[in-house]
Amino acid sequence: MTAGCVCLLGIFLAGCGNRENGPDGQLRQAQHDLQARDYQQAMAHVTKALNLRPGYGPAYLLRAQVHEAQGLLAMALDDYTRALDSPEERGEALRRSGDLFRRLGRYAQAISSYEQLIHDDPQEVEGYLGRAGVLIKQKRYEPAREDLRHAERIRPDDSRIAAALGQFFEAQGEFPRALLEYERAVALDKQSVDARILLGTLHARENRIEEGLAAYGTVLQMDPGRGDVYYKRSFLHLAAGNYGQALDDTVRARFLGEEVDAAYVSRLKQQAQERAAEGGP
């Protein structure tokens, strides 16, 4: 290799290293750490990104997600607000802040976030879906249905819209129509974990034990880290008289960070022991 080639290779490698050590490289590493639930490392990389580029919108957006994953919701909202100043991140920040306000039951603020999102882009499906979700919670079904119709006109074959329609019908007690929409949501996107959870939960609500177990089982094959789904499935195992399996699911749920009712676990242990003493499964 000539001296000139060696020099060019060195410049190329140095450039790659600089990019990885720059703010975007730090954020890529932070995103990886967030997915691995290593929040301390994720925060360290985001902090480096902000030190390298103060006021960087994508860093505020990612830091908000790290805060939210740790339950630091007020800090998450502060960073979503900071990210609004970045034109590229504004839409995502509005959507995520709206979703967080909705989780917190702060419905007026959630609707405000979604309406800003719609105002910025009237073709933004996320705004209509988010606002419809809040309106359903508030039992304001007519405007919720109108938002879902609007979303459907923009994107007719979106699994999330079908799932939202399922929630709309379920909230009004129209369970057969809700079931059809959840099944349609799964058919439109077979990788949608959320749609399968909604389907499983409706089966459980309607006492269709085997169907609910099957839906939750598929979810856990797709995403074994869902402690909430293990906990939900334990109740179906209990209803089927599978006390040992119900107990196993609560243990998995608790290991994955889900808050599990101690009295419920004690009851399962007692029932599992009694079943074992009788020689049952």
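The values are calculated or read from the model by the stated rules, or taken from the named source; none is laboratory data. Owing to the predicted nature of the structure, the values given are computational and were not obtained by experimental measurement. Cβ coordinates were reconstructed from backbone atoms using ideal geometry, including for glycine residues, and neighbour counts include every protein chain displayed. Ligands, DNA and RNA are stripped out before the accessible areas are found, and what is left, the full protein with its side chains, is counted by its heavy atoms. Shrake-Rupley method; radii C 1.70, N 1.55, O 1.52, S 1.80 Å.
Taking 8 Å as the Cα distance limit and 6 or more residues as the minimum spacing, I'd like the relative contact order of the chain as a percentage.
It comes to 7 percent, rounded to a whole number.
Counting Lys and Arg as +1 and Asp and Glu as -1, what is the net charge of the other residues whose Cβ lies under 14 Å from the Cβ of A253? With Lys, Arg at +1 and Asp, Glu at -1, the neighbours total -2.
Under the 0.36 nm per residue contour assumption, what length would be gained going from the current alpha-carbon distance of T81 and N21 to full extension? Working it through step by step, the gained length comes to 19.0 nm.
When you restrict to C-alpha pairs under 8 Å that are six or more residues apart and normalise by the size of the range 109-222, the relative contact order lands at 16 percent. Packing, as the average of other Cβ atoms within 10 Å across residues, places the peptides 100-113, 193-206 in the order 193-206, 100-113, highest first.
Quick check on packing: order 172-179, 53-60 by the mean number of other C-beta atoms within 10 Å, highest mean leading. Mind dumping the intermediate values first?
Details: 172-179: 14.6, 53-60: 18.8.
Most protected by this proxy first, the peptides run 53-60, 172-179.
Picking from I118, Q191, A132, whose Cα lies most toward the positive end of the charge dipole for the range 91-214 (charges on Cβ: Lys, Arg +1; Asp, Glu -1)? Most positive-ward Cα: A132.
At 0.36 nm per residue, minus the direct Cα-Cα distance, what do A74 and H32 gain on full extension? Give it in nm, one decimal, please. Kindly include the intermediate steps, with their values, before the conclusion.
Numbers: separation 42, 0.36 × 42 = 15.12 nm, distance 2.34 nm.
Stretched fully, the A74-H32 segment lengthens by 12.8 nm.
For the chain, the per residue solvent-accessible surface stands at 54 Å², with DNA, RNA and ligands left out and a 1.4 Å probe. Rounded to the nearest 500, the 222 nm mean residue ellipticity of the chain from helices alone is -25500 deg cm²/dmol, with -39,500 (n - 2.57) taken per DSSP H run of at least 4 residues. Taking 13 Å as the straight-line reach from the Cα of K232, the aspartates and glutamates in range (excluding those fewer than 8 positions away in the same chain) are D248, D249, E258, E259, D261.
Sequence gap at least 6, Cα distance under 8 Å: using those rules, report the relative contact order of the range 161-219 to the nearest whole percent. Averaging sequence separation for qualifying contacts and normalising by length gives 26 percent for the range 161-219.
Just the number, please: carbon plus sulfur as a percent of the accessible area of the chain, 1.4 Å probe, no ligands or DNA/RNA counted. Answer for the chain is 51 percent, counting heavy atoms of protein chains only. The range 79-122 to the range 223-281: how many Å between their Cα centroids? Going from one Cα centre to the other spans 38 Å. Here the chain is assigned +1 on the Cβ of each Lys and Arg and -1 on the Cβ of each Asp and Glu. Its dipole about the Cα centre then comes out at about 320 debye. The aspartates and glutamates within cross-link reach of K48, meaning a Cα-to-Cα straight distance under 15 Å and a gap of 8 or more places when in the same chain, are E20, D24, D33. I'd like to know which of N242, Y141, Y216 lies farthest towards the positive end of the charge dipole of the chain, counting +1 on Cβ of Lys and Arg and -1 on Cβ of Asp and Glu. Checking the options against the dipole of the chain, the answer is N242.
Going through (1) 23.4, 82; (2) 23.0, 75; (3) 19.9, 71, the figure that equals Rg and Dmax of the Cα atoms in Å as computed for the structure here is (1).
Using the Cα gyration tensor of the range 197-249, with a ≥ b ≥ c the square roots of its eigenvalues, what is the shape: rounded (a/c below 1.5), prolate (a/b larger than b/c) or oblate (neither)?
Oblate is the answer for the range 197-249, as a/c is 1.5 or above yet b/c matches or exceeds a/b.
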